[in-house]
1. Please report, to two decimal places, log10 I(q)/I(0) for the chain at q = 0.08, 0.09, 0.11, 0.16 Å⁻¹ as given by the Debye formula with identical point scatterers on the Cα atoms and no solvent.
2. Under a Cβ-only charge scheme (Lys and Arg +1, Asp and Glu -1), can you give me the dipole magnitude of the chain about the Cα centre, in debye to the nearest 20?
3. How are the alpha carbon pair distances in segment 144-217 distributed across 5 Å bins from zero to the largest one, expressed in percent?
4. Have a look at 129, 168, 275 and report the one farthest towards the positive end of the charge dipole of segment 71-287, computed about the Cα centre with Cβ charges (Lys/Arg +1, Asp/Glu -1).
5. Please report Rg (one decimal) and Dmax (integer) in Å for the Cα set of segment 40-80.
6. Go ahead and set up a Gaussian network model of the chain, Cα springs under 10 Å, then flag whichever of 27, 125, 276 fluctuates most.
7. When the helix-only estimate is applied to the chain (DSSP H runs of n ≥ 4, each -39,500 (n - 2.57), divided by the residue count), what is the mean residue ellipticity at 222 nm, nearest 500 deg cm²/dmol?
8. For a bin width of 5 Å, list the pair-distance distribution of segment 153-270 built from all Cα-Cα distances, rounded to whole %.
Amino acid sequence: MQKKMDFTKIERRAMVRSRAGKAVTYFLLTLWALIVLFPFYWMLLTSVKSYGAYNAEYIPTFFTLSPTFENYQTAFTAVPLGRYFTNTLIFTLVTTAIMLVVIVLAAFAFARLEFKGKNLLFTLFLSLMMIPTELVVITNFQTITNLGLRNTFAGLILPSVTSVFYIYLLKENFEQIPDELYKAAQVDGTGDFKYLLKVMIPISQPTIVTIVILKIIECWNSYVWPRLITDDPMYFLVSNGIQEIRENGFGRENIPAMMAAVVVISVPLIVLFLIFRKKVMAGVSRGGIKG
C-alpha cells in the first residue's frame with residue numbers, strides 16, 4: 001500500500017513538472033511570437049493613421065480609433081507603384097525560372113554524372129561562397145556596364161541566375177535518392193534527362209519549392225543591385241520605389257504613406273509563404289537529413 005502511494009506521488013510530481021515545462025515553453029514561444037510580429041503590427045498600424053494624427057503623437061500609441069486608407073491611395077499616386085510592381089514581377093519570375101533550370105542541371109551533374117575533376121570543380125564552386133558579396137557586386141557592375149546592359153531587364157537578371165548555395169542544397173538532396181533507382185533506369189534505357197524529370201525532380205519537390213520561394217523573396221526584396229544598375233524609373237523595382245517615395249515623392253515626413261507602400265509590397269510574400277509553408281518546412285527538414 002505504501003509503495004503504491006509513493007508511486008502515485010512520483011507520478012503526480014512528474015505530471016506537475018511536465019505541465020510546468022509546457023507552460024514555460026508556451027510562454028517563451030508566445031513572447032517570441034509577439035517580438036517577431038510586433039514590427040508587422042506597427043507597420044500595419046502606422047499605415048492606417050492619418051498624416052496629421054501620426055505627427056501629432058508625441059508618445060506613440062499602439063492603436064487608433066480613426067483608421068484611414070488614404071495612405072494606400074497616396075502610395076500609388078505619389079509614384080508609379082503599379083509599374084514598379086510589374087517590373088518586380090517580371091524580374092522575379094524570369095530570374096527564378098532561369099535560376100531553377102541552371103541549378104537543377106548543375107546539381108544533377110554533380111550528384112549523378114561522373115566526369116574528370118568533378119570533386120575539384122565542386123570544391124571550387126563552394127569556395128566562391130567565401131567571396132564577399134561587395135566584391136561580386138563590383139565585378140558584376142563592371143561586366144554589365146561594359147556589355148551596355150545598364151537600365152535593361154537583362155542587366156538586372158543576369159547576375160542573379162545562379163546560386164552556389166542552392167546548387168549545393170539540391171545536390172545533397174539528389175544524392176539521397178538511392179543509386180539503385182538510377183542504375184535500374186539505365187538498364188531500362190532511360191536517359192539522364194528523362195530520369196531527372198521523371199524521378200529526381202518529383203522526389204526532391206519540397207526542396208525545389210523551398211528554393212523557389214527563397215529566390216522569389218530574394219528577388220522581391222532586392223535593393224542594392226537594382227539601385228546600382230538602374231537610374232531609369234522605367235526599370236525601378238518596388239524596393240527602389242519605396243526609396244523614391246522617401247526622396248522624391250511626398251517628402252521624408254509622410255511615414256504613414258511609406259508604411260502603406262511597404263504593406264502592399266509585403267502582402268504577396270506573406271500570401272506565398274502561407275500557401276506553401278508545409279512544403280517549405282518539408283524542404284528545410286529534408287535538407288538537414290543525410291542518408
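Readers should treat all values here as calculations from the given coordinates under stated rules, not as data from a laboratory. Remember, it's a predicted structure, so these values are computed and weren't measured experimentally. Heads up, the Cβs are rebuilt from the backbone with ideal geometry, glycines too, and the neighbour counts pull from every protein chain shown.
1. Ignoring solvent entirely, the Cα scatterers give -0.55, -0.66, -0.87, -1.28.
2. Approximately 1520 debye in magnitude.
3. 3, 13, 18, 16, 13, 12, 9, 8, 4, 3, 0
4. Final value for the positive-end residue is 275.
5. Gyration radius and largest Cα-Cα distance of segment 40-80: 10.8, 33 Å.
6. 27
7. Calculated at 222 nm, the ellipticity per residue is -23500 deg cm²/dmol.
8. All Cα pairs, binned at 5 Å, distribute as 2, 9, 15, 14, 13, 11, 9, 8, 7, 5, 4, 2, 1, 0 percent.
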